[in-house]
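This report concerns only the one structure given below.
Coordinate-derived values only; no laboratory data. These figures come from a predicted structure and were not determined experimentally. Note that we place each Cβ from the backbone using ideal geometry, even for glycine, and neighbour counts take in every protein chain shown.
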Amino acid sequence: TMQQALSANYNFGVAQVFALASKVKTENLNALSDKVTRDQTGYEIGVKAPITPVVGVWASAFTGNKDTGADSATLTATTTGRADISGFQLGTTYAFSKRTTAYAIYGQQDVKGKSAATGTKIASTGYAIGLRHSF
């Protein structure tokens, strides 16, 4: 497995922007044909900003593609099929103190099949609410 990632961020004072490019490639060296079992590329950009001294917000969007080496007409989220991937996340934090923060995150992701899986789509939505305390 080969994994590469390049990220950058810059703080403008009123907001911090960030970007990420990543690539993961897995090969089965014992296979006689079609040795690539996973080839995935992704790009993400986002912004994070304080609204008040205790409330912060952030948003990010991503896009990419995956190729599992098999051109299956059945698209599944983790196994076969070539697909385009896209989505976004929105989040907020509330600092109760220097060590305790509440957070809420919402996101969506679409995996749209291509090649033999054209016309198939997996859409997922997720959210998280929690409390983080540092000791």
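If R0 is 35 Å, what FRET efficiency do you get for residue 84 and residue 28 from their C-beta distance, rounded to 0.05? All intermediate terms of the calculation are to be shown ahead of the outcome.
Working: r = 24 Å, r/R0 = 0.68.
That gives a FRET efficiency of 0.90.
How far, in nm, would the chain grow between residue 134 and residue 9 when pulled straight, counting 0.36 nm per residue and subtracting the alpha carbon separation? Don't skip to the answer; put the middle values down first.
Details: separation 125, 0.36 × 125 = 45.00 nm, distance 2.42 nm.
That pair, residue 134 and residue 9, stretches by 42.6 nm at full extension.
Assuming R0 = 41 Å, what is the FRET efficiency of residue 99 and residue 21, from their Cβ-Cβ distance, to the nearest 0.05?
Efficiency computed from Cβ-Cβ geometry: 0.80.
What FRET efficiency, computed as 1/(1 + (r/R0)^6) with R0 = 35 Å and r the Cβ-Cβ distance, is obtained for residue 54 and residue 109, rounded to the nearest 0.05?
It comes out at approximately 0.70.
Which ³J(HN,Hα) values in Hz, rounded to whole numbers, follow from the phi angles of segment 2-9 under the Karplus curve 6.51 cos²θ - 1.76 cosθ + 1.60, where θ = phi - 60° and Gly and Pro get x?
10, 10, 10, 8, 9, 9, 8, 8
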